[in-house]
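Single-structure report; data block below.
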Ligand code: URA
């Protein structure tokens, strides 16, 4: 599937029950030829309203975290594991993740980024197919299953809004991610 076919398929998708409660699908946004791809968990209320990932409070922090390492939001590609909002922002169910997995995998293939930054435990565990805790996933370079793309894991910005003391560690994760891409460009 090319971008257009993929987009059309996602908009029309009714594989999960949560397709009935969404306002709209949240496909992804940004530069389709980006070096960096960011992957979050699932749309929240604001994303469901606007149809764009990471536009609520957590999204504003994410945008600022990127700026802190000199990257504008428009220069990366941002997507979520789930394209529909789970009611009350509950965790994605395993069947929802598997129904949606092919869409994300195709997005990764099409963007073909140099690096994937995964935010939060849920997105990281689902993308990397592990049940390791976030503390063990941070600070290491992983590989995306299908493409072998380097993957770095950091805290979810919604968590950082509650635990601002961990922003320092998130900053280190972003620097680590940038080191990996800088290495590829020399
Ligand atoms: N949290 C996510 O994981 N993704 C969004 O798009 C918004 C909030």
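The values are calculated or read from the model by the stated rules, or taken from the named source; none is laboratory data. None of these values were measured; they are calculated from a predicted model. Don't worry about glycine lacking a Cβ; one is built from the backbone with ideal geometry, like all the others, and counts go over all protein chains shown.
Assorted remarks:
- Wholly enclosed helices (runs of 4 or more DSSP H) of region 82-140 bearing at least 1 residues closer than 16 Å to residue 21 by Cα and touching a helix residue (DSSP H, G or I) at 6+ places or on another chain (Cβ under 7 Å): 94-111
- With respect to the conditions (1) exposed (fewer than 13 other Cβ atoms within 10 Å of the Cβ); (2) within 16 Å of the ligand (Cβ to nearest atom), residue 118 lacks only one, and its number is (1).
- Subset of region 23-49 [closer than 28 Å to residue 180 by Cα, more than 9 Å from the ligand (Cβ to nearest atom) and outside any strand (DSSP E or B)]: 27, 28, 31, 32, 33, 34, 35
- Some residue of region 55-62 being in contact with a strand residue (DSSP E or B) (Cβ under 6 Å, 6 or more places away or on another chain) and near the ligand (Cβ under 9 Å from one of its atoms): no
- Failed item, numbered, when residue 97 is tested on (1) under 19 Å from residue 29 (Cα atoms); (2) under 15 Å from the mean Cα position of the chain (by Cα): (1)
For every residue, the table says whether it meets (1) farther than 18 Å from residue 7 by Cβ; (2) more than 10 Å from the ligand (Cβ to nearest atom); (3) modelled with pLDDT of 95 or more; (4) surrounded by fewer than 20 Cβ atoms within 10 Å (Cβ to Cβ).
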{"residue": "51", "(1), (2), (3), (4)": "no, yes, yes, yes"}
{"residue": "64", "(1), (2), (3), (4)": "yes, yes, yes, yes"}
{"residue": "70", "(1), (2), (3), (4)": "yes, yes, no, yes"}
{"residue": "75", "(1), (2), (3), (4)": "yes, yes, yes, yes"}
{"residue": "84", "(1), (2), (3), (4)": "no, yes, yes, no"}
{"residue": "90", "(1), (2), (3), (4)": "yes, yes, yes, yes"}
{"residue": "95", "(1), (2), (3), (4)": "yes, yes, yes, yes"}
{"residue": "105", "(1), (2), (3), (4)": "no, yes, yes, yes"}
{"residue": "109", "(1), (2), (3), (4)": "no, yes, yes, yes"}
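- Residue check, residue 113 surrounded by fewer than 15 Cβ atoms within 10 Å (Cβ to Cβ) and more than 9 Å from the ligand (Cβ to nearest atom): no
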